[in-house]
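Below you'll find the structure, written out as structure tokens, and then a few comments.
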Amino acid sequence: MGAMNYLRKSTPCVAAPILDGMRLLRSHEVKALLGYTDTGSFWAAVRAAGVPFIRMNARRIYFEEAALKAWLESKTVGRRHRF
């Protein structure tokens, strides 16, 4: 399943916090969504590609779903087909 479809069809996880209507994804969710199995390569790619994330503290990092979706859409090449 494509990343955009996952974000569109996913249901909120009980563990995913929602602040003022902003759904936050945990790093393991985004790692799986982007197809990474290795944590080190995932974080290297996140930093190199400039994927937006929120650092709550030294150990707690979240990705805002809307920001992640916008970032993915900005990386889309060519025309998108709507079916």
Please go through region 33-71 and pick out each residue that is of a type outside the set (D, E, K, R) and within 9 Å of the chain's Cα centre (by Cα). Leu33, Leu34, Val51, Pro52, Phe53, Tyr62, Phe63, Ala66, Ala67, Leu68, Trp71
Residue count for region 44-67, restricted to those that are of a type in the set (Phe, Trp, Tyr) and in contact with a Lys or Arg (Cβ under 9 Å, 6 or more places away or on another chain): 2
Taking region 30-54 as the region of interest, how many residues are of a type in the set (Ser, Thr, Tyr) and in a helix (DSSP H, G or I)? 2
Being surrounded by 10 or more Cβ atoms within 10 Å (Cβ to Cβ) and either in contact with a helix residue (DSSP H, G or I) (Cβ under 6 Å, 6 or more places away or on another chain) or part of a loop (DSSP other than H, G, I, E, B) (or both) is the filter here, so list the residues in region 55-64 that pass it. Met56, Arg60, Ile61, Phe63
Matching residues in region 27-54 (of a type in the set (A, V, I, L, M) and surrounded by fewer than 16 Cβ atoms within 10 Å (Cβ to Cβ)) number 6
If the Cβ limit is 7 Å and pairs must be 6+ apart or interchain, which residue in region 45-65 that is over 14 Å from Lys31 (Cα atoms) pairs with which residue that is among the charged types (D, E, K, R) and outside any helix (DSSP H, G or I)? Ile54/Glu64
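No value in this document is a laboratory result; all are computed from the given coordinates. Remember, it's a predicted structure, so these values are computed and weren't measured experimentally. Every residue, glycine as well, gets a Cβ built from its backbone with ideal geometry; the counts of neighbours run over all protein chains shown.
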